[in-house]
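Encoded as structure tokens, the structure appears first; notes follow it.
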Amino acid sequence: MELYNPHTQLPALLARLRQDQGQRVVCYCAAWCRTCDAYRPALEALAAQWPEWTFIWVDVEDSPQWLGDEDIENFPTVLVQDRRGTRFWGVQLPYAEHLRRLLEGAGQLPVTTDGPGLVDALASA
């Protein structure tokens, strides 16, 4: 799979969201953030390795509606959701291995109301 950017690939992303299994990873970044630039290839590799997950790259300046009422204090900030809801919302060190481990155990994490909201609602905003 690919790493979707809602600012430049919204139709493809919406089509993917209609057919996926509800497992989503949203990485919030900014174009000026060099840490995010360095992290992006690792996220693209994870997207290819985890085709059952939909990976989304949100530049908070291009697509602020994807934040809902939330503010970002550090980058990258990651949102992980499944059909039951949000499993993780927060800053994560920019290491692919950390995100891989988070995804492996995501179903064991409690559902939380933290974060900007459900990806389907953010996509239609």
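The values are calculated or read from the model by the stated rules, or taken from the named source; none is laboratory data. Predicted model only: the values in this text are computed from it and were never measured. Here the Cβ is made from the backbone with ideal geometry for all residues, glycine too, and neighbour counts use every protein chain on show.
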Top-ranked residue in region 17-40 [being in a helix (DSSP H, G or I) and under 14 Å from the mean Cα position of the chain (by Cα); ranked as nearest to G85 (Cα to Cα)]: L17
Hits in region 67-86 - residues which are more than 9 Å from Y28 (Cα to Cα) and surrounded by 20 or more Cβ atoms within 10 Å (Cβ to Cβ): V80, Q81, T86
Is it the case, given these coordinates, that E73 is assigned to a loop (DSSP other than H, G, I, E, B) and modelled with pLDDT of 95 or more? no
Might you let me know whether region 35-45 holds any residue that is over 13 Å from L3 (Cβ atoms), touching a strand residue (DSSP E or B) at 6+ places or on another chain (Cβ under 7 Å) and not charged (D, E, K, R)? no
Residues of region 46-61 being more than 14 Å from the chain's Cα centre (by Cα) and either hydrophobic (A, V, I, L, M, F, W, C) or crowded, with 16+ Cβ neighbours inside 10 Å (or both), which ones? A48
Report whether or not R24 is within 17 Å of Y4 (Cβ to Cβ), in contact with a helix residue (DSSP H, G or I) (Cβ under 8 Å, 6 or more places away or on another chain), basic (K, R) and touching a residue at least 12 places away in the same chain (Cβ under 8 Å). yes
Assuming A15 fulfils every condition listed in (1) of a type outside the set (S, T, N, Q); (2) at pLDDT below 95; (3) under 18 Å from A125 (Cα atoms) apart from one, which condition is it? (2)
Any residue that is surrounded by fewer than 22 Cβ atoms within 10 Å (Cβ to Cβ) and of a type in the set (S, T, Y) - is there at least one of those in region 24-35? yes
Quick check, is E52 at pLDDT 95 or above, under 17 Å from L103 (Cα atoms), in a loop (DSSP other than H, G, I, E, B) and out of contact with any helix residue (DSSP H, G or I) (no Cβ under 7 Å at 6 or more places or on another chain)? yes
W66 passes all but one of (1) of a type in the set (F, W, Y); (2) in contact (Cβ under 8 Å) with a residue 60 or more places away in the chain; (3) out of contact with any strand residue (DSSP E or B) (no Cβ under 9 Å at 6 or more places or on another chain); which number fails? (3)
If I ask for residues that are more than 11 Å from the chain's Cα centre (by Cα), surrounded by 16 or more Cβ atoms within 10 Å (Cβ to Cβ) and not small (G, A, S), which ones from region 87-115 would you list? R87, Q92, P94, L102, L103
Residue satisfying all of: in region 84-125; part of a helix (DSSP H, G or I) and basic (K, R); nearest to R40 (Cα to Cα) among these: R100
